Amino acid sequence: PATSMEELVSLCKRRGFIFQGSEIYGGLQGFYDYGPLGVELKNNIKAAWWRSNVYERDDMEGLDASIIMHRLVLRHSGHEATFSDPMVDNKKNNKRYRLDHLVKDQKADVIARVAQEIGEDVDNFPAVVAALVKNPAQASQALKAAGVRDPFSGEVGDWTEPKPFNMMFKTTIGPVADEESYGYLRPETAQGIFTNFKNVVDSTSRRLPFGIAQIGKAFRNEITPRNFIFRVRELEQMEIEFFCTPGTDEQWHEHWLERRLSWWEAQGVPRSKIEILDVPKEDLAHYSKRTYDLMYDYPTLGHEEIEGIANRSDYDLGSHTKSQSELGLVAKVEENSDSVAKLTIPHPDTNKPVVPFVIEPSAGVDRAMLAVLSEAFTKETLENGNERIVLRLRPHLAPIKVAVIPLARNKPELVELARQIKNELQKLGLGRILLEDSGNIGKAYRRHDEVGTPYCVTVDFDTLGQSSEASGENLKDSVTVRDRDTLQQERVAISELSGWLQAKLK
Ligand code: ATP
């Protein structure tokens with residue numbers, strides 16, 4: 001695995017996985033563009049998730065809801081009121097920070113001082129942050145007294161009181177900019193699932209338990225985007241809302257925890273690198289009955305959330321439904337007089353309408369990509385003493401499945417045959433097959449090791465039957481296949497190549 005974020009960032013830029021957004025105009029903080037290989041890897045991760053969660057189950061439906069949503073959706077979901085992070089300003093230079101990030105980044109003795117000033121145990125960091133948020137005036141004093149430094153200037157800051165900063169992006173809709181013609185870019189894909197609950201139930205005749213899966217962009221105006229694609233302002237999520245009968249929710253929660261861990265394992269992200277955080281009651285989001293955060297051990301960052309699996313009780317459908325008071329809701333919800341739909345489904349035993357409980361596994365595509373790249377990244381010393389970087393990606397995730405390489409690019413016969421082979425292999429539907437005629441063979445191998453191409457197929461003079469050696473005759477119409485991981489080279493007949501690769505790349 002990678003030992004630092006730095007080496008991943010460098011590989012990603014050099015080989016065309018990830019670029020800074022709007023780079024030629026100085027870049028835009030918190031936005032990244034996925035390059036030629038990044039888009040393939042990202043698509044492969046999403047396809048693997050979709051296969052596992054939609055196609056391989058009998059209790060799931062898919063959805064692709066719109067990104068811009070009605071302001072009332074985000075009002076009744078609770079996001080207008082509570083989707084915020086605590087922010088502090090340094091009055092000396094007007095720099096703004098997310099309070100918990102600011103404190104976490106200080107030296108240990110400074111953090112201890114902050115905890116002491118606000119009267120909390122330094123070992124309970126969430127409690128320290130919570131106390132700072134709850135007592136803004138004291139917090140401002142505590143930060144100053146503890147000598148909290150500005151990460152930008154390095155000097156002790158003059159800190160304002162922490163204030164909540166709402167992270168939603170708001171946008172004007174239509175040609176008239178009056179008070180009501182605005183909407184929000186969704187801060188999570190989940191809300192599109194809840195608002196379509198009735199549509200999906202009515203159009204598919206689903207009964208409990210069943211789930212709806214969605215992959216798509218979400219937008220969060222993070223106060224301090226950082227750590228490469230770990231914390232960005234435009235992100236992508238893979239989310240499931242699994243609807244079940246109240247009382248079966250805890251069982252389903254465990255089911256999804258297991259299921260998600262084994263999915264990560266199948267993507268090359270082992271359980272041993274993921275800590276399961278059973279979020280303490282006092283840190284739970286207001287909608288959550290219980291949450292497991294999967295904390296992956298990222299290089300340089302340490303254990304950070306890659307996926308959250310929350311038991312959201314009947315909070316969401318209960319918040320968006322009409323006739324709330326008739327439905328015996330368990331969750332505490334705000335009154336809703338705007339919704340025109342009753343978000344219930346017949347109870348499987350009694351047939352009486354019930355608002356189901358929801359289990360939500362929510363994973364970030366960008367954070368998945370970072371973990372997958374990090375696990376695959378390998379630096380090794382070969383027998384001849386040379387060092388190579390190789391991405392040991394699972395074949396189903398590799399951006400390029402096979403590179404077909406003509407041994408000499410100035411020999412039209414070789415290039416033409418390589419192109420024919422490439423076209424044939426492309427028809428197999430394995431993913432991207434690349435005709436690699438850009439450099440010498442050594443360079444091509446190095447490049448494909450670094451981007452994780454499982455097999456390189458080389459077309460040489462033997463393939464054409466133009467060998468100078470006597471033994472060359474039986475090599476005609478065969479190619480050399482090189483294995484990324486073992487470096488073994490095998491001679492395979494062109495007529496058998498499709499079957500050979502299909503078996504290996506299953
Ligand atoms: P954090 O505490 O790290 O800000 P969160 O608890 O707000 O994350 P959720 O709201 O649970 O995150 O979102 C579900 C998933 O979406 C996360 O597990 C993560 O993979 C992804 N995600 C959330 N915010 C971001 C972001 N700013 N950049 C990249 N991925 C994100």
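So, in the range 201-220, of the ones that are more than 14 Å from the ligand (Cβ to nearest atom) and loosely packed, with under 15 Cβ neighbours inside 10 Å, which residue ends up modelled with the lowest pLDDT? Reasoning before the result, please.
First, pick out the residues of the range 201-220 that are more than 14 Å from the ligand (Cβ to nearest atom): 201-213.
Applying the additional criterion that residues be loosely packed, with under 15 Cβ neighbours inside 10 Å yields 202-205, 207.
Working: 202: 97, 203: 98, 204: 98, 205: 93, 207: 97.
The selected residue is 205.
Would you say residue 379 is surrounded by fewer than 20 Cβ atoms within 10 Å (Cβ to Cβ) and assigned to a strand (DSSP E or B)? Steps first, please.
On the way: surrounded by fewer than 20 Cβ atoms within 10 Å (Cβ to Cβ): yes; assigned to a strand (DSSP E or B): yes.
So residue 379 passes the test.
Residue under question is residue 323, and the condition is that it be modelled with pLDDT of 95 or more and at negative phi; does it hold? Even if it seems obvious, please write down each step before you answer.
Details: modelled with pLDDT of 95 or more: yes; at negative phi: no.
For residue 323, the condition - modelled with pLDDT of 95 or more and at negative phi - is not met.
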ask   = Where residues in the range 178-188 are at pLDDT 95 or above and assigned to a loop (DSSP other than H, G, I, E, B), which of them is farthest from the ligand (Cβ to nearest atom)?
value = 186
message = Could you check the range 323-345 and list, in sequence order, the residues that are among the charged types (D, E, K, R) and surrounded by 15 or more Cβ atoms within 10 Å (Cβ to Cβ)?
response = 342
note = Taking the range 402-443 and keeping residues small (Gly, Ala, Ser), at pLDDT below 95 and in a helix (DSSP H, G or I) leaves 442
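Restricted to the range 236-273, and to residues that are of a type in the set (A, V, I, L, M) and closer than 26 Å to residue 83 by Cβ, which residue is nearest to the ligand (Cβ to nearest atom)? Before the answer, list the steps.
So the first thing to find is which residues in the range 236-273 are of a type in the set (A, V, I, L, M), and the list is 238, 240, 257, 261, 266, 269.
Now drop any that are not closer than 26 Å to residue 83 by Cβ, which leaves 238, 240, 257.
Working: 238: 9, 240: 12, 257: 14 Å.
Going through the qualifying residues, I end up with 238.
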remark   = Of the residues in the range 288-315, those that are away from the ligand (no atom under 11 Å from the Cβ), in a loop (DSSP other than H, G, I, E, B) and not basic (Lys, Arg) come to 299, 300, 313, 314
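So that you can scan it fast, the table gives a plain yes or no per residue for (1) assigned to a loop (DSSP other than H, G, I, E, B); (2) farther than 28 Å from residue 259 by Cβ; (3) at pLDDT 95 or above; (4) of a type in the set (Val, Ile, Thr):
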{"position": "9", "(1), (2), (3), (4)": "no, yes, yes, yes"}
{"position": "13", "(1), (2), (3), (4)": "no, yes, yes, no"}
{"position": "30", "(1), (2), (3), (4)": "yes, yes, yes, no"}
{"position": "46", "(1), (2), (3), (4)": "no, no, yes, no"}
{"position": "49", "(1), (2), (3), (4)": "no, no, yes, no"}
inquiry  = Checking residue 360 against (1) under 30 Å from residue 276 (Cα atoms); (2) more than 16 Å from the ligand (Cβ to nearest atom): exactly one of these is not met. Which one?
reply    = (2)
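One line per residue, one yes/no per condition, for (1) touching a Pro at 6+ places or on another chain (Cβ under 9 Å); (2) acidic (Asp, Glu):
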{"position": "222", "(1), (2)": "no, yes"}
{"position": "227", "(1), (2)": "no, no"}
{"position": "230", "(1), (2)": "no, no"}
{"position": "236", "(1), (2)": "no, yes"}
{"position": "245", "(1), (2)": "yes, no"}
{"position": "248", "(1), (2)": "yes, no"}
{"position": "251", "(1), (2)": "no, no"}
{"position": "257", "(1), (2)": "yes, no"}
ask   = Across the range 189-200, which residue is farthest from the ligand (Cβ to nearest atom) among those that are surrounded by fewer than 21 Cβ atoms within 10 Å (Cβ to Cβ) and touching a residue at least 60 places away in the same chain (Cβ under 8 Å)?
value = 198
message = Pull out all pairs, ordered by first then second residue, where Cβ-Cβ is under 6 Å, the residues are six or more apart or on different chains, the first lies in the range 249-268 and is in contact (Cβ under 8 Å) with a residue 40 or more places away in the chain, and the second is acidic (Asp, Glu).
response = 268/375
message = Suppose we filter the range 488-499 for residues that are free of Cβ contacts under 8 Å to residues at least 24 places away in the same chain, part of a helix (DSSP H, G or I) and either more than 16 Å from residue 475 (Cβ to Cβ) or in contact with a Phe, Trp or Tyr (Cβ under 9 Å, 6 or more places away or on another chain) (or both); how many remain?
response = 1
task = Please enumerate the residues belonging to the range 263-272 that are in contact with a Ser or Thr (Cβ under 9 Å, 6 or more places away or on another chain) and in a helix (DSSP H, G or I).
result = 263, 266, 271
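Which one of 273, 281 is touching a residue at least 24 places away in the same chain (Cβ under 8 Å) and either touching a His at 6+ places or on another chain (Cβ under 6 Å) or basic (Lys, Arg) (or both)? Let's see the steps before the verdict.
On the way: 281 fails: touching a residue at least 24 places away in the same chain (Cβ under 8 Å).
Matching residue, one of 273, 281: 273.
Considering only the range 332-355, I want to know if a residue exists there that is closer than 30 Å to residue 230 by Cα, assigned to a strand (DSSP E or B) and touching a strand residue (DSSP E or B) at 6+ places or on another chain (Cβ under 9 Å). Break it down into steps so the answer makes sense when it comes.
Kept after step one, since they are closer than 30 Å to residue 230 by Cα, are these residues of the range 332-355: none.
Among the residues of the range 332-355, not one is closer than 30 Å to residue 230 by Cα, assigned to a strand (DSSP E or B) and touching a strand residue (DSSP E or B) at 6+ places or on another chain (Cβ under 9 Å), which makes the answer no.
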inquiry  = Can you pull out every residue in the range 103-139 that is over 18 Å from residue 279 (Cβ atoms), assigned to a helix (DSSP H, G or I) and among the basic types (Lys, Arg)?
reply    = 113, 134
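The values are calculated or read from the model by the stated rules, or taken from the named source; none is laboratory data. Everything quoted here is computed from the prediction, not taken from an experiment. Note that we place each Cβ from the backbone using ideal geometry, even for glycine, and neighbour counts take in every protein chain shown.
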